[in-house]
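Nothing in this text is a laboratory measurement; each read-out follows from the coordinates by a stated rule. The structure presented is a predicted model; accordingly, all values stated were derived computationally and were not measured. A quick note on method: Cβ atoms are made from the backbone with ideal geometry, for glycine too, and the neighbour counts reach across all protein chains shown.
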Amino acid sequence: MTNDRRDGDATTPPPNGRRIERTFGEHRQGYDLTEIRRTSGGILLRVRIHRDAYQHQSYAVVEAFTPAMTWTALTTEPASEWHAATPNRSSGPAPLEGLADRLFARADAILRTQ
């Protein structure tokens, strides 16, 4: 498992917020990416992606941190939309980065409508 704790790189900040933490891990049947970003409005968002060998056991969700100190799901992306486009195994987060960025962008759009 790798853990990348950064507040973002001044030259190439991640889209849709400033990166607070990123964790990637491999497991026997796939890999996981968890990333937390802070929006320009100060809201903490967390993307959790679990890529399993089986599509029905895979998921991708973006959550917002609430004042009650809990994570609340904002939106998901069905595994049927991204599973086939990702490799069975990966030693790094690259195959899931585009999906994470899409989820952060969708969450940002949802929050801007409030």
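How tilted is helix 94-112 with respect to the longest principal axis of the chain? Cα atoms for both, answer in degrees (0 to 90, nearest 10).
Computed tilt is about 30 degrees.
For Tyr59, Tyr31, what's the fewest-to-most ordering of other Cβ within 10 Å of each Cβ?
Tyr59, Tyr31
Give me the Å³ per residue figure for the convex hull around the C-alpha atoms of the chain.
110 Å³
How do Asp101, Asp108 rank when sorted from fewest to most other Cβ atoms within 10 Å of their own Cβ?
Exposure proxy ranking, most exposed first: Asp101, Asp108.
Give the peptides 47-56, 83-92 in descending order of average Cβ contacts within 10 Å, highest first.
Result, highest mean first: 47-56, 83-92.
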